[in-house]
Amino acid sequence: MKKLSLAEAVGETLGYDITEVKRSMNYKGVAFKRGHVIQEEDISVLQGLGKNHIYVCEEFETDVHEDTAATTLAPKIAGENISFEDQPREGKINFYAQIRGIFKVDYERLAQLNRLAIPSLPTIHNNFPVVKGKQVAAFRIIPLTCTRQMLEQMLEQVEQPLICVKPYKIKTAAILVTGNEVHSGRITDGFTPLLTAKLQQYGVTVTYTTILPDVKAEISQAVKKAAEKSDLVLVTGGSSVDPDDVTVTALHEAGVQFDEQGNPIQPGNNLTIGYINAIPVCAVPAAALVFEKTALDIFLPRILAGETISKEEIAKSGHGGLCHFCPKCHYPICPFGWGAS
Ligand SMILES: Nc1nc2c(c(=O)[nH]1)N[C@H]1C(S)=C(S)[C@@H](COP(=O)(O)OP(=O)(O)OC[C@H]3O[C@@H](n4cnc5c(N)ncnc54)[C@H](O)[C@@H]3O)O[C@H]1N2
Ligand code: MOO
């Protein structure tokens with residue numbers, strides 16, 4: 001790129017976007033776009049932005065402009081259900097979710113790309129639940145230009161897309177509420193409306209609900225029947241240590257396969273995730289009635305996207321698996337549950 005003083009720049013074509021920041025308006029944006037032909041009246045504006053020199057366009061032989069790097073890499077980075085801007089701004093291209101689902105990023109290859117130290121590709125966390133239009137990543141090279149060789153190295157890292165959004169597959173759910181006190185009517189069931197609303201956020205319709213006493217055989221039968229009729233079964237209550245807590249044994253007797261009972265996340269220790277004929281069946285502990293977010297909120301989006309959670313992932317979820325119990329909950333935009341993602 002050719003560097004010129006402002007006096008020499010009039011009539012020349014700007015070789016990159018020039019940024020302006022207006023703190024009073026909390027604004028950061030493009031003041032002069034690449035390709036702009038510098039006019040006499042631009043000089044004082046450029047001086048006001050702290051410029052004494054600018055880069056102007058010239059033919060590149062060995063180097064690649066930041067805009068070219070961004071437009072070349074963006075279609076390679078983006079996988080299924082990801083859109084991206086066709087015009088870079090300040091050398092940067094943003095990526096967006098095209099549908100509702102979970103965001104996936106191959107974070108090992110992401111690190112390999114970023115390790116080249118010229119590109120910058122930050123993303124949101126792997127497995128983050130997204131809605132259509134949510135920004136999920138942004139790409140630029142950090143300097144104004146890079147070598148062709150560097151472009152080739154970057155392209156090698158994105159032979160396969162790095163990011164995508166997996167849609168939710170599960171459409172219907174059954175809620176089986178257990179507990180003698182709820183079944184007898186001594187207390188009002190709080191779980192059905194709570195879980196129905198939670199599932200609705202992900203486009204899941206609750207097609208069957210029932211309230212059962214703490215009777216193992218009854219719970220077991222109900223689980224088997226519900227798993228035949230719906231894509232997901234949630235069984236609430238009776239999941240912990242009381243002698244009347246028979247839910248997990250009932251799940252086992254119904255043929256639900258699970259690697260282990262519970263998980264290291266608090267709140268939500270007693271969430272158990274299992275499968276019967278590939279239908280996910282979860283024991284949902286009572287903590288979900290009180291705490292804004294629990295282990296269920298961490299794993300539910302992945303379950304709905306058809307993913308199974310491995311024993312190793314469950315073990316690792318202890319890191320970052322303690323809720324901060326903030327007065328106002330901002331989950332999922334918080335560290336809870338993202339330690340192992
Ligand atoms: N000594 C220990 N105590 C507890 C442990 C433990 O490991 N050792 N685990 C705790 C955890 S974690 C949870 S969570 C809770 C309760 O888990 P459960 O899922 O077994 O819940 P229940 O015992 O059935 O009920 C507890 C409480 O919640 C009320 N409840 C239950 N279902 C409903 C409903 N549908 N609507 C309204 N209220 C409901 C129930 O009446 C009880 O008051 O165990 C900890 N204790
Ligand atoms: O199983 Mo409990 O409070 O950790 O939800």
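Here are the numbers:
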{"read-out": "Measure of compaction for region 141-197 (Cα Rg per 2.2 N^0.38 Å)", "value": "2.59"}
{"read-out": "Amide proton proximity set for residue 31, modelled H, under 5 Å, gap of 5+", "value": "18, 19, 20"}
{"read-out": "Filter on 224/311; 104/225; 22/293 - keep pairs with C-alpha separation over 28 Å", "value": "104/225; 22/293"}
{"read-out": "Qualifying trypsin sites (Lys or Arg not before Pro) in region 296-341, DSSP loop, other Cβ atoms within 10 Å at most 12", "value": "328"}
{"read-out": "Nitroxide proxy distance, nm - points 7 Å out along Cα→Cβ at residue 149 and residue 24", "value": "4.9 nm"}
{"read-out": "Prolate/oblate/rounded call for region 163-298, Cα gyration tensor, a/c under 1.5 rounded", "value": "rounded"}
{"read-out": "Candidates 62, 209, 247: whichever shows maximal mean-square fluctuation once the chain is modelled as a Gaussian network with Cα springs under 10 Å", "value": "62"}
{"read-out": "Long-range tail of P(r) for region 222-340 (Cα pairs > 23 Å, %)", "value": "27 percent"}
{"read-out": "Gaussian network model of the chain, springs between alpha carbon atoms under 10 Å - residue of 33, 166, 92 with greatest fluctuation", "value": "33"}
{"read-out": "DSSP-assigned coil residues among chymotrypsin sites (Phe, Trp or Tyr not before Pro) in region 178-220, each with at most 10 further Cβ atoms within 10 Å", "value": "none"}
{"read-out": "Within region 1-73, chymotrypsin sites (Phe, Trp or Tyr not before Pro) in DSSP loop having at most 15 other beta-carbon neighbours inside 10 Å", "value": "60"}
{"read-out": "Rg and Dmax [Cα atoms of the chain; Å; Rg one decimal, Dmax integer]", "value": "26.9, 88"}
{"read-out": "Percent antiparallel among DSSP beta bridges (both partners in the chain, rounded to 5)", "value": "70 percent"}
{"read-out": "Average Cα contact separation per residue, region 97-209, under 8 Å, 6 or more apart, as relative contact order %", "value": "30 percent"}
{"read-out": "Within straight-line cross-link reach of residue 216, aspartates and glutamates at Cα separation under 18 Å, skipping those fewer than 8 residues along the same chain", "value": "181, 242, 244, 245, 253"}
{"read-out": "Region 96-251 shape via C-alpha gyration tensor axes, a/c threshold 1.5", "value": "prolate"}
{"read-out": "Most mobile of 261, 39, 160 in a GNM of the chain (Cα contacts under 10 Å)", "value": "39"}
{"read-out": "Length added when fully stretched, residue 217-residue 171, from 0.36 nm per residue minus Cα-Cα", "value": "13.8 nm"}
{"read-out": "Viscosity 0.890 mPa s, temperature 25 °C, Stokes-Einstein D of region 64-166 from Kirkwood C-alpha radius, µm²/s", "value": "184 µm²/s"}
{"read-out": "Solvent exposure, largest accessible area first (probe 1.4 Å, DNA, RNA and ligands not counted), of 115, 140, 23", "value": "23, 115, 140"}
{"read-out": "Helical mean residue ellipticity (222 nm; -39500 (n - 2.57) per DSSP H run of 4+; nearest 500) of the chain", "value": "-7500 deg cm²/dmol"}
{"read-out": "Extended-chain gain in nm, criterion 0.36 nm per residue less alpha-carbon gap, residue 311 and residue 58", "value": "85.4 nm"}
{"read-out": "Cα centroid of region 289-341 to Cα centroid of region 16-68, whole Å", "value": "44 Å"}
{"read-out": "Karplus 3J(HN,Hα) series, Hz, for region 307-321 with 6.51 cos²θ - 1.76 cosθ + 1.60 (x for Gly, Pro)", "value": "8, 9, 9, 6, 4, 5, 5, 5, 4, 6, 5, x, 6, x, x"}
{"read-out": "Inter-site label distance for residue 109 and residue 94 at 7 Å from Cα along Cβ, in nm", "value": "2.5 nm"}
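The values are calculated or read from the model by the stated rules, or taken from the named source; none is laboratory data. Since we're looking at a predicted model, the values are computed, not measured. In this analysis, Cβ positions are derived from the backbone assuming ideal geometry, glycine residues included, and neighbour counts consider all displayed protein chains. Accessible surface areas use protein heavy atoms only, side chains included; no ligands, DNA or RNA. Shrake-Rupley method; radii C 1.70, N 1.55, O 1.52, S 1.80 Å.
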